[in-house]
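Colleague: First, the structure itself, so that you have it in front of you.
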Amino acid sequence: MKNNISHEYAEALFLLSCEEKSEEKYLFDLRLVKEMLDQSPEYLELLHSPSIEKEEKLNLIDAAFSGKINEHVVSFLKLLCENNRIEYIYSCFENYEKLYNQVKRVIVANVTSAVKLTDGEKAKITEKLEKKFGCRVELLCETDEKILGGIIIKTDDTILDGSLKRKMRDVKEVISSESKT
């Protein structure tokens, strides 16, 4: 049920952003709100608290966001508060971004590497993935020393594992299967 509700809210906001031809601006603003909430989780607890009057919650939203982000995004946040749906906010963000990515033909690729990638390496990876998938690619990069070397790329439906750890595991499997024969 949570996903249905958040999808409906996100879809309504996305349709409004399309009418205004501001889909990317709304996405940017939603990411700003998400970043702020990530940095101050107590703010979301405040907006969710039943002991605080709705009017006060709406004033808190105005104080934090009015004039800083699109007025319709501010109204969207207020609507979630008014309808006691603020707990769906993160799910709404995700659903909006999925709608945006579908319409704009964007694939989000999670790239894991053993060391931090340079801007040049990121550009090359992006270029190759855009050529492979035939659409715009956004990279989300993280490091994980456990993969030893190489990179792992994950999209919604594809995993490209070029990690050294995976290659070593493949070699081990070949050696193990040959020793059994």
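The values are calculated or read from the model by the stated rules, or taken from the named source; none is laboratory data. Keep in mind that this is a model prediction, so the values were computed, not measured. Cβ placement follows ideal geometry from the backbone for every residue including glycine, while neighbour counts extend to all protein chains displayed.
Colleague: Answer yes or no as to whether Leu77 is closer than 18 Å to Glu24 by Cα, in a strand (DSSP E or B) and of a type in the set (A, V, I, L, M, F, W, C).
Modeller: Spelling it out, it is not the case that Leu77 is closer than 18 Å to Glu24 by Cα, in a strand (DSSP E or B) and of a type in the set (A, V, I, L, M, F, W, C).
Colleague: Right, something else. For Glu121, indicate whether it is modelled with pLDDT of 90 or more and within 26 Å of Glu23 (Cα to Cα).
Modeller: Spelling it out, it is not the case that Glu121 is modelled with pLDDT of 90 or more and within 26 Å of Glu23 (Cα to Cα).
Colleague: Separate question: Just to be sure, is Thr112 of a type outside the set (Asp, Glu), free of Cβ contacts under 8 Å to residues at least 24 places away in the same chain, closer than 30 Å to Lys132 by Cα and assigned by TED's automatic domain parsing to the domain that holds Arg166?
Modeller: No; evaluated as a whole, the condition is false for this residue.
Colleague: Moving on. Report, by residue number, each residue of the range 123-138 that is under 18 Å from the mean Cα position of the chain (by Cα) and either among the acidic types (Asp, Glu) or surrounded by fewer than 15 Cβ atoms within 10 Å (Cβ to Cβ) (or both).
Modeller: Within the range 123-138, Cys135, Arg136, Glu138 meet the criteria.
Colleague: A follow-up question, please. So, restricting to strands (runs of 3 or more DSSP E) that lie completely within the range 93-161, which ones have at least 2 residues that are under 21 Å from Asp29 (Cβ atoms)?
Modeller: Correct list: 106-113, 136-143.
Colleague: Now for a separate question. Give the range 96-116 a look and list any residue that's within 20 Å of the chain's Cα centre (by Cα) and of a type in the set (A, V, I, L, M), or say none.
Modeller: Correct list: Leu99, Val103, Val106, Ile107, Val108, Ala109, Val111.
Colleague: Would you tally the residues in the range 6-22 being surrounded by fewer than 16 Cβ atoms within 10 Å (Cβ to Cβ) and of a type outside the set (Asp, Glu)?
Modeller: The qualifying residues number 4.
Colleague: Report whether or not Ala12 is in a helix (DSSP H, G or I) and within 16 Å of Lys98 (Cα to Cα).
Modeller: Yes.
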